[in-house]
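Down below is the structure, laid out as structure tokens.
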Amino acid sequence: MIKTLVGEARQRGVRLKIHEFQAKELFRKYDIPVPGGRATSSAEETRHIAESIPGPYVVKAQIHAGGRGKGGGIKLASDPSQAELAAKQILGMNLVTHQTGPEGKIVKKVLVESASDIAREIYLGAVIDRELSQVVIISSTEGGMEIEAVAVKTPEKIHKTWIDPAVGLMPFQARSICFGLGLTGQAHKDGVTCIQNLYRMFVSEDLTLAEINPLVVTKDGKILALDAKVNLDNDAFFRHKGHAELRDLNEEDPLEVEASKHNLNYIKLSGSVGCMVNGAGLAMATMDLIKLSGGSPANFLDVGGTASSEAVEKAFRILMMDKSVKCVLINIFGGIVRCDRVATGVVEAIRNIGNVTVPIVARLEGTNAKEGIEILQNSGLEFHTISGFKEAAEKAVQLAGGA
Amino acid sequence: MSILLTGETRAIVQGLGKEGQFHAERMLQYGTKLVGGIRPGKAGEAVLGLPAFNTVEDAVTETGANASIIFVPAQFAADAAVEAIEAKLDLIVLITEGIPPLDMLKIKQLLKRSKTRLIGPNCPGIITPGIGKLGIMPVEIYRPGKCGLISRSGTLTYEVAAQITNAGLGQSTCLGIGGDPIIGTTHKDALELFNNDPETDMVALIGEIGGSDEEIAAKYIKKYMKKPVVAFIAGSTAPPGKRMGHAGAIIAGGKGTAAEKKEALRNAGVTVCDSPADIGIAAKKVLEG
């Protein structure tokens, strides 16, 4: 379960992820102790930052992916000039980790921090448990490694504490977590405060994931968050004015960025049949049917339940930007939105864009489907109008030239 | 009979803005018993012939309402839902999309301590063909019948309802339970209701990737379900780690895949369709042999 919980929270949409240095700024706001330091995109400034904090130093690549150390994205430095050298090596590098995919990510920023003398590494995280509808705090003595791996190998070393949203996190729960982690003396007291602050941050900032891995106990007995991972909830942006600005467009697919500007749900895939569908469930089902028909979808695209003509035009433009699209399948189930209106939108969109050369298969069903099909057929543009769901998918696959 | 939405349902509308009014009009046209609307500060001003009340409590006292459909924007939706729960309504349909999950956590805790049934959020609502609808679905595709329908999606539900109708069958009640990670009524909850409904002879379950709602439903089916179930799971081709429109539709850590869900359902004796175009035919086969 832990695997699903943390994995899901971690991956729930790129738009919600923020960088480690941004997460640490949030930690500071909630008095969760973090090492001194700052982020920069310049190697020279790295040295200045290092000069202003105690050494030795650690220089960390800022990308939205884990496993940075193994890929060479985290380097130790004994003095400020070495920190500058490390930053020079990391900035601009194409960092490949098990989470970036084989194409990797270009590093544009590094975080420079004082390195710590570590006595112990602990894992601490908070996520929403979908099944029980509660926030759950996950803790483990096995910090510094992937919590998913710990969950598989030694599930008994993972401790979960569920929080009743009406009551909140009670001090005894935080104490009990710290006892479980074997924290004593000042580290125990600081650990309790840290857990309380973590929960306070989670609910105050509407987070979907807050992870400290590792949370370390230093050799002089201090608690310190060495790494920080935070995912925001974009549905809650309305009550957190600064959150939307934390988004980093460099971390996203350019077509997906373009689509999100127009409130379209678009995800780029690797196939050749471009899909335009109203509704997320039907969009997924359409992709599945393309696959079953021997083809491969070029994208997921939900133009929204209402499929307004503006949305349809923007969607069409995005599909046309993807050069691997060899055929477009439009699948609209008219409900409150009438098919004739959608058809008018499609025709207008294609006229406005001009020069649309890929074949288009259109399947309109539901309210005013017949009128919609007539509009397409009388438009002077070429549409393959097909009423069956399966037949439409098969035709699109055939026109795209198979898989 | 049918489930949740019956001849006894008397509903109010919370959120009578442009969208709320548009749909209230269509619900009335379909014969749904709407008895009022909530317009704080504008009590007495009727909209579409529906008397307006300041609070849900006032509406319940005056009209005997036992259900509500909520259209208010996401920022205010939790407030509206809690007001309806506190007024002890039997049924709340929460249409609104984009409610923060932490708001839903609080609502779920309240629901556990009440007798109220909440459907949604981010859902098309509920329809009992021939009786009424509390939702935004087009009514033409439905016919009264014996097939119960449960779905996490909107337009895909319409697609499946139309397939069932085109196969010469009809629906007892159709329930869009919503595409969010935290929802009021799950697949399992809805299956339980259909299992005990004498007017329902079979159930079509339309799931999608993400979470474990379908797996939990499979466990229930294996143990308790007395009626045949056909199912489709959307998202076999979805890549891991990407949110497919619905906030709840995401494969993570190798979990929540369509393959896993299909297997769990098949093991529970469910007729699982690989193609979304085959659900109507499968339902007919199951019901008529």
If you scan segment B:182-197, which residues turn out to be away from every other protein chain (no Cβ under 14 Å) and open to solvent by less than 20 Å² (accessible area, probe 1.4 Å)?
-> B:190, B:191, B:194, B:195, B:197
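Each row is one residue, and each column tells you yes or no for (1) more than 14 Å from residue A:276 (Cβ to Cβ); (2) within 14 Å of another protein chain (Cβ to nearest Cβ).
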| residue | (1), (2) |
| --- | --- |
| A:308 | no, yes |
| A:313 | no, no |
| A:317 | no, no |
| A:322 | no, no |
| A:331 | no, yes |
| A:352 | yes, no |
| A:378 | yes, no |
| A:389 | yes, yes |
Scan B:200, B:237 and give me the residue that is within 12 Å of chain A (Cβ to nearest Cβ), assigned to a loop (DSSP other than H, G, I, E, B) and either over 21 Å from residue B:157 (Cα atoms) or among the hydroxyl-bearing types (Ser, Thr, Tyr) (or both).
-> B:237
From the set of residues in segment A:57-105 that are open to solvent by 30 Å² or more (accessible area, probe 1.4 Å), among the polar types (S, T, N, Q) and over 16 Å from residue A:45 (Cα atoms), which is nearest to the chain's Cα centre (by Cα)?
-> A:99
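List the strands (runs of 3 or more DSSP E) inside segment A:176-242, counting only whole elements, that have at least 3 residues being touching a helix residue (DSSP H, G or I) at 6+ places or on another chain (Cβ under 7 Å). Full working, then the answer.
On the way: elements: A:207-218, A:223-225, A:229-232.
Result: A:207-218, A:229-232.
Just to verify a result, which residue in segment A:106-129, among those that are open to solvent by 40 Å² or more (accessible area, probe 1.4 Å) and of a type outside the set (A, V, I, L, M, F, W, C), is farthest from the other protein chains (Cβ to nearest Cβ)?
The residue in question is A:117.
A quick yes/no check of all residues on (1) outside any strand (DSSP E or B); (2) farther than 16 Å from residue B:159 by Cα:
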| residue | (1), (2) |
| --- | --- |
| A:281 | yes, no |
| A:286 | yes, no |
| A:290 | yes, yes |
| A:313 | yes, yes |
| A:344 | yes, yes |
| A:347 | yes, yes |
| A:350 | yes, yes |
| A:363 | no, no |
| A:375 | yes, yes |
For segment A:160-175, which residues satisfy the criterion of being crowded, with 16+ Cβ neighbours inside 10 Å and more than 12 Å from residue A:134 (Cα to Cα)?
-> A:173, A:174, A:175
Among (1) touching a strand residue (DSSP E or B) at 6+ places or on another chain (Cβ under 7 Å); (2) of a type in the set (A, V, I, L, M, F, W, C); (3) in contact (Cβ under 8 Å) with a residue 12 or more places away in the chain, residue B:46 falls short only on (3)
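For segment B:243-263, state whether one or more residues are of a type in the set (Lys, Arg), open to solvent by 10 Å² or more (accessible area, probe 1.4 Å), within 7 Å of another protein chain (Cβ to nearest Cβ) and closer than 25 Å to residue A:265 by Cβ.
Looking through segment B:243-263, at least one residue is of a type in the set (Lys, Arg), open to solvent by 10 Å² or more (accessible area, probe 1.4 Å), within 7 Å of another protein chain (Cβ to nearest Cβ) and closer than 25 Å to residue A:265 by Cβ.
Select from segment A:377-400 the residues that are in a loop (DSSP other than H, G, I, E, B) and over 37 Å from the mean Cα position of the chain (by Cα) and write down the one among them that is surrounded by the fewest Cβ atoms within 10 Å (Cβ to Cβ).
A:380
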Set A:367, A:385, A:357, A:344: member being at the interface with chain B (Cβ under 10 Å from one of its Cβ atoms) and free of Cβ contacts under 8 Å to residues at least 40 places away in the same chain | A:367
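Listed here are the residues, each with its yes/no results for (1) more than 14 Å from residue B:81 (Cβ to Cβ); (2) open to solvent by 10 Å² or more (accessible area, probe 1.4 Å).
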{"position": "B:117", "(1), (2)": "no, yes"}
{"position": "B:120", "(1), (2)": "no, no"}
{"position": "B:131", "(1), (2)": "yes, yes"}
{"position": "B:137", "(1), (2)": "yes, no"}
{"position": "B:144", "(1), (2)": "yes, yes"}
{"position": "B:156", "(1), (2)": "yes, no"}
{"position": "B:165", "(1), (2)": "yes, yes"}
{"position": "B:169", "(1), (2)": "yes, yes"}
Could you tell me which residue of segment B:6-19 is least open to solvent (accessible area, probe 1.4 Å), considering only residues that are of a type in the set (D, E, K, R) and more than 19 Å from residue B:56 (Cα to Cα)?
-> B:19
Which one of these does residue A:236 not meet: (1) in contact with a Pro (Cβ under 8 Å, 6 or more places away or on another chain); (2) of a type in the set (Gly, Ala, Ser); (3) away from chain B (no Cβ under 14 Å)?
-> (3)
Could you count how many residues in segment A:300-324 are touching a residue at least 40 places away in the same chain (Cβ under 8 Å) and either open to solvent by less than 30 Å² (accessible area, probe 1.4 Å) or on the phi > 0 side of the Ramachandran plot (or both)?
-> 8
Among the residues of segment A:55-70, is any more than 27 Å from residue A:135 (Cα to Cα), small (Gly, Ala, Ser) and modelled with pLDDT of 95 or more?
-> yes
For segment B:203-229, which residues satisfy the criterion of being of a type outside the set (A, V, I, L, M, F, W, C) and assigned to a helix (DSSP H, G or I)?
-> B:213, B:214, B:215, B:219, B:220, B:222, B:223, B:224
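Out of segment B:203-231, which residues are away from chain A (no Cβ under 13 Å) and of a type in the set (A, V, I, L, M, F, W, C)? Reasoning before the result, please.
To start, the set of residues in segment B:203-231 that are away from chain A (no Cβ under 13 Å) comprises B:203-204, B:218, B:220-230.
Matches in segment B:203-231: B:203, B:204, B:218, B:221, B:225, B:229, B:230.
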Being open to solvent by 50 Å² or more (accessible area, probe 1.4 Å) and on the phi > 0 side of the Ramachandran plot is the filter here, so list the residues in segment B:20-62 that pass it.
-> B:41, B:44, B:48, B:49
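Looking at A:118, A:158, A:163, which one is touching a residue at least 24 places away in the same chain (Cβ under 8 Å) and under 25 Å from residue A:18 (Cα atoms)?
Only one candidate qualifies: A:163.
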What are the residues in segment A:271-292 that are facing chain B (nearest Cβ under 9 Å) and more than 20 Å from residue B:176 (Cα to Cα), if any?
-> A:271, A:287, A:288, A:289, A:290, A:291, A:292
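So is residue B:96 within 19 Å of residue B:22 (Cα to Cα), in contact with a helix residue (DSSP H, G or I) (Cβ under 7 Å, 6 or more places away or on another chain) and of a type outside the set (Lys, Arg) or not? Give the steps one after another, and end with the answer.
Numbers: within 19 Å of residue B:22 (Cα to Cα): yes; in contact with a helix residue (DSSP H, G or I) (Cβ under 7 Å, 6 or more places away or on another chain): yes; of a type outside the set (Lys, Arg): yes.
Answer is yes for this residue.
The values are calculated or read from the model by the stated rules, or taken from the named source; none is laboratory data. Keep in mind that what you see is a predicted model, and the values were worked out from it rather than measured. Here the Cβ is made from the backbone with ideal geometry for all residues, glycine too, and neighbour counts use every protein chain on show. In case anyone asks, the SASA skips ligands and DNA or RNA and just uses the protein heavy atoms, side chains included. Shrake-Rupley method; radii C 1.70, N 1.55, O 1.52, S 1.80 Å.
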